[in-house]
Amino acid sequence: MAKTELLMAIAGLNRGILATPRDRKQVAALAASLETMNPTPNPLNALEKLAGDWRLIYTSSQALLALDRSPIVKLGQIYQCIRPQQQRIYNIAELYGLPFLEGIISVLARFEPLTQQRVQVYFERSIVGLRQWLNYYSPSQFIPQLHSRQPLIALDVPLNSNDQQGWLEITYLDEDLRIARGNEGSLFVLSRV
């Protein structure tokens, strides 16, 4: 019931882009209620549930939602792909705009467990490019390209992980839904792809 209520509350909010302050307050309360029923209290011990590709369905992160504020480019799907065996996280945001200018922004990171729910995230690399030049079709198809270390036709910037880091706490995890909170106070609700 609590899960359904949360999903219904975020359904029309376009990942949080259309959320009013009242909507954000309601979603935060519903997420907090669902977190008290977390069926996986130690998500870093449940790698089969945690691993995979997740699609962002709601966030309160204004920095992330700001990607949609450009008059030329609009924010498409956002994915977070977790590979726990390699301690890697891949964040991929799809961008849409003028024809042939569809792009992606990807940030690659490694993580270290701090507790059974929280990881320290070290951002290592940022890639910005056009989808057709990167031959991008989906996150699962794109991630092997990133590992191949072949040159990409994109802006490929190494990040200083000492300066670019934060933490992520997984507060709810089941077979198809994950709720997480970040070090800047942001709420993230994701569904399994």
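The values are calculated or read from the model by the stated rules, or taken from the named source; none is laboratory data. Just so it is clear, the structure is predicted and the values come from calculations on it, not from any experiment. Using ideal geometry, Cβ is built from the backbone for each residue, glycine included, and neighbour counts are taken over all protein chains shown. Accessible surface areas use protein heavy atoms only, side chains included; no ligands, DNA or RNA. Shrake-Rupley method; radii C 1.70, N 1.55, O 1.52, S 1.80 Å.
Per residue, what accessible area does the chain have, given a 1.4 Å probe and all protein chains present, in Å²?
52
Can you classify segment 1-70 as rounded, prolate or oblate using the Cα gyration tensor, where a ≥ b ≥ c are the square roots of its eigenvalues, rounded means a/c under 1.5, and otherwise it's prolate if a/b beats b/c and oblate if not? Working shown, then result.
Values: a/c = 2.41, a/b = 1.41, b/c = 1.71.
Oblate shape, in that a/c is at least 1.5 and b/c is the bigger or equal ratio.
With a cut-off of at most 10 other beta carbons within 10 Å, and DSSP calling the residue loop, which chymotrypsin sites (Phe, Trp or Tyr not before Pro) in segment 1-102 qualify? Please list them.
Here the sparse-neighbourhood loop sites are 100.
Got a number for the accessible area of residue 193? Probe 1.4 Å, square angstrom, nearest 10.
Estimated to the nearest 10 Å², residue 193 gives 110 Å².
Ordering 156, 68, 163 from largest to smallest accessible area (1.4 angstrom probe), what's the sequence?
Accessible-area ranking of 156, 68, 163, largest first: 163, 156, 68.
If I ignore ligands, DNA and RNA and count only protein heavy atoms, how much of residue 8 is accessible to a 1.4 Å probe, in Å² to the nearest 10?
So the heavy atoms of residue 8 present about 140 Å² to solvent.
So which trypsin sites (Lys or Arg not before Pro) in segment 34-121 end up in coil per DSSP with only 15 or fewer other C-beta atoms within 10 Å?
Numbers: sites: 49, 55, 69, 74, 88, 110, 118; in loops: 69.
Of the trypsin sites (Lys or Arg not before Pro), the ones in loops of segment 34-121 whose Cβ has at most 15 other Cβ atoms within 10 Å are 69.
When N is the residue count of segment 60-183, what does its C-alpha Rg come to as a fraction of 2.2 N^0.38 Å?
Its radius of gyration relative to the 2.2 N^0.38 Å reference: 1.09.
Compare 171, 36, 4, 59 by solvent-accessible area with a 1.4 Å probe and give them largest first, with all protein chains kept in place.
Numbers: 171 25, 36 115, 4 75, 59 0 Å².
Highest to lowest solvent-accessible surface, that is 36, 4, 171, 59.
Calculate log10 I(q)/I(0) of segment 1-128 for q = 0.13 Å⁻¹, where I(q) comes from the Debye formula with a single equal point scatterer on each Cα and nothing for solvent.
-0.66
Given a 1.4 Å probe and every protein chain left where it sits, what share in percent of the accessible area of segment 1-61 is carbon and sulfur?
Whole-percent figure for carbon plus sulfur exposure: 57.
For 126, 140, give me the order by solvent-accessible area with a 1.4 Å probe, most accessible first, ignoring ligands, DNA and RNA.
Numbers: 126 25, 140 70 Å².
Largest to smallest exposure gives the sequence 140, 126.
Do you know the relative contact order of segment 1-81, to the nearest whole percent, from alpha carbon pairs under 8 angstrom that are 6+ apart?
It rounds to 32 percent for segment 1-81.
Can you give the calculated 222 nm mean residue ellipticity of the chain, where each DSSP H run of n ≥ 4 adds -39,500 (n - 2.57) and the sum is split over every residue, rounded to the nearest 500 deg cm²/dmol?
Details: 6 runs with 46 residues, N = 193.
The per-residue figure over the chain is -6500 deg cm²/dmol.
Calculate, in nm to one decimal, what residue 155 and residue 22 gain on full extension: separation in residues at 0.36 nm each, minus their alpha carbon distance.
Length difference between fully extended and current span is 44.0 nm.
Normalising by the residue count of the chain, find the relative contact order in percent from Cα pairs under 8 Å and 6+ residues apart. Intermediate results must be reported in sequence, preceding the final value.
Working: 373 pairs, mean separation 41.9, N = 193.
RCO, the chain: 22 percent.
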